[in-house]
Every structure is written in structure tokens, then in C-alpha cells.
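Encoded as C-alpha cells, the structure appears first; notes follow it.
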Amino acid sequence: AQTVTQSQPEMSVQEAETVTLSCTYDTSESDYYLFWYKQPPSRQMILVIRQEAYKQQNATENRFSVNFQKAAKSFSLKISDSQLGDAAMYFCAYYGQNFVFGPGTRLSVLP
Amino acid sequence: NAGVTQTPKFRVLKTGQSMTLLCAQDMNHEYMYWYRQDPGMGLRLIHYSVGEGTTAKGEVPDGYNVSRLKKQNFLLGLESAAPSQTSVYFCASIEDSHGELFFGEGSRLTVL
């Protein structure tokens with residue numbers, strides 16, 4: 001079975017600085033997708049970024065980018081120019097046959 | 001554009017009571033899912049459906065039942081609620097097997 005690990009339960013970053021959230025996964029599948037979801041205090045789950053495993057190029061969405069290392073099964077999220085609104089729980093997710101979510105990383109942004 | 005709608009948003013039950021959570025999506029998605037979210041454990045899959053009339057067990061199905069009689073609706077039932085089922089429940093859907101997962105707003109259930 002696939003597993004997703006987020007080794008950082010909590011992280012903090014100074015406003016305008018850069019922070020990287022870690023995610024590793026375990027799978028024997030070759031075709032899959034990886035996602036980062038954000039959950040602010042409102043509880044709504046919001047898609048931040050998505051990566052197809054067959055693409056070598058790392059996905060980027062404005063201030064959010066990933067470092068996808070397929071051989072190492074690593075999928076980290078980099079947030080540049082952090083803003084107060086980035087404070088949330090961040091979940092890494094794997095999708096092959098079904099979605100599997102990591103336990104989450106709580107990110108605090110310090111003014 | 002409603003997307004994925006869950007009802008009710010909040011509910012308090014006594015042990016042994018039954019209830020049904022309703023999930024409705026207006027995006028004509030085939031795949032629908034029910035998750036529960038507990039602190040430090042992320043989202044765990046309870047049951048899912050790959051189309052109208054089909055259901056399958058996920059990671060934590062015990063104590064729950066589901067039905068998908070209509071494509072747009074996915075119901076999650078608790079026949080005899082237990083305190084261990086206190087959680088936040090999320091419904092989600094995707095249009096195909098490789099698309100974005102769209103979530104409802106979540107339903108907070110407390111079992112006393």
C-alpha cells in the first residue's frame with residue numbers, strides 16, 4: 001500500500017521569507033500524481049499545486065513550487081515571499097489508484 | 001457554482017444514535033469519496049464510489065455504510081454512532097481518475 005510521510009508536524013517562517021515543507025512517499029507504481037493541499041482555519045481544502053510523475057519539470061504556481069525527486073520519492077513544497085495568509089495546515093497527497101494523504105504540516109507565518 | 005455540498009455542517013449525537021451525511025456534487029463527476037480527518041492523522045478514506053450504483057471500502061470502513069443511488073449524491077451512514085466516530089468528515093469528487101480532487105466544506109460530528 002502507498003504511504004505518505006510528512007516529517008515536520010509544525011513549521012514557522014518569517015513574513016517575506018522562504019520555507020520548504022517536506023514530503024516523502026512510498027509506492028511501487030510508475031504512473032501517479034502528487035499534490036499539495038492547503039487547509040486554512042476555515043477548514044476548506046484548497047489545491048495548491050499538482051505534479052504528474054511522468055513530468056520531469058517541477059511544477060510552479062506563482063510563489064509555490066515543488067522539488068520532485070522521483071527516484072528518491074520526495075516531493076517538497078517551497079513557498080517564496082511568505083504571506084500571513086499562507087498560515088495553514090499543508091497536506092501532501094499521492095494519487096495512484098486512490099488518494100493517500102500525509103498527516104500534515106502546520107505552517108505559522110510570523111509578522 | 002455550488003461544487004461539492006455537504007449537509008449537515010455540524011451535528012451532535014449520543015452513542016447509539018444513527019445519522020446520515022449527504023454529499024451532493026453538481027459537476028457530473030464519476031468518482032466520489034468520504035474521508036475523516038483526525039488530528040495528526042491527515043485524511044483517511046472511509047468509502048468511495050467510482051460511479052452510480054457502485055461503492056467500495058477504503059482504509060477505515062468499519063461502522064460506516066454508504067450508498068450512491070444517484071450519480072450526484074453520495075451518502076454516508078452511521079447506524080450506531082460511537083465516540084470514536086467523533087471527527088470531521090469530508091466528501092470529495094473528481095471527474096476522472098487523474099483529475100483534481102474537489103472537497104466539500106466538511107461536517108463536524110461529535111458523538112457523546
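The values are calculated or read from the model by the stated rules, or taken from the named source; none is laboratory data. Everything numeric here is computed off the predicted structure, so don't read it as measured data. Here the Cβ is made from the backbone with ideal geometry for all residues, glycine too, and neighbour counts use every protein chain on show.
For the reader, a short list of remarks on this structure follows.
- Considering only residues in the stretch A:70-106 that are farther than 24 Å from residue B:93 by Cα and either within 14 Å of chain B (Cβ to nearest Cβ) or in contact with a helix residue (DSSP H, G or I) (Cβ under 9 Å, 6 or more places away or on another chain) (or both), the one that is surrounded by the most Cβ atoms within 10 Å (Cβ to Cβ) turns out to be A:79.
- Candidate set: the stretch A:44-69, residues that are within 17 Å of residue B:92 (Cβ to Cβ) and surrounded by 17 or more Cβ atoms within 10 Å (Cβ to Cβ); chosen: the one farthest from the other protein chains (Cβ to nearest Cβ): A:48
- Of the candidates A:56, A:8, the single residue that is at pLDDT 95 or above, in a loop (DSSP other than H, G, I, E, B), more than 16 Å from residue A:84 (Cα to Cα) and of a type outside the set (D, E, K, R) is A:8.
- Against the list (1) at pLDDT 95 or above; (2) under 28 Å from residue A:106 (Cβ atoms), the condition residue B:62 fails is (2).
- Residue ID - surrounded by the fewest Cβ atoms within 10 Å (Cβ to Cβ), chosen from residues in the stretch B:58-97 that are within 14 Å of chain A (Cβ to nearest Cβ), in contact with a strand residue (DSSP E or B) (Cβ under 6 Å, 6 or more places away or on another chain) and in a loop (DSSP other than H, G, I, E, B): B:59
- Selection status of residue A:74, farther than 25 Å from residue B:39 by Cα and among the hydroxyl-bearing types (Ser, Thr, Tyr): no
- Taking the stretch A:22-43 as the range and being surrounded by fewer than 18 Cβ atoms within 10 Å (Cβ to Cβ) and not in a loop (DSSP other than H, G, I, E, B) as the test, the residues that pass are A:24, A:26.
- Meets criteria (under 21 Å from residue A:43 (Cβ atoms) and out of contact with any Cys (no Cβ under 9 Å at 6 or more places or on another chain)) for residue B:66: no
- All positions within the stretch B:34-45 that are in a strand (DSSP E or B) and over 18 Å from residue A:3 (Cβ atoms): B:34
- The set of residues from the stretch B:10-26 being surrounded by fewer than 21 Cβ atoms within 10 Å (Cβ to Cβ) and assigned to a strand (DSSP E or B) comprises B:10, B:11, B:12, B:13, B:19, B:20, B:22, B:24.
- Any hit, the stretch B:27-41, residues being under 16 Å from residue B:9 (Cα atoms), within 14 Å of chain A (Cβ to nearest Cβ), among the basic types (Lys, Arg) and surrounded by 20 or more Cβ atoms within 10 Å (Cβ to Cβ): yes
- Count - residues of the stretch A:1-39 that are within 12 Å of chain B (Cβ to nearest Cβ) and over 17 Å from residue A:102 (Cβ atoms): 1
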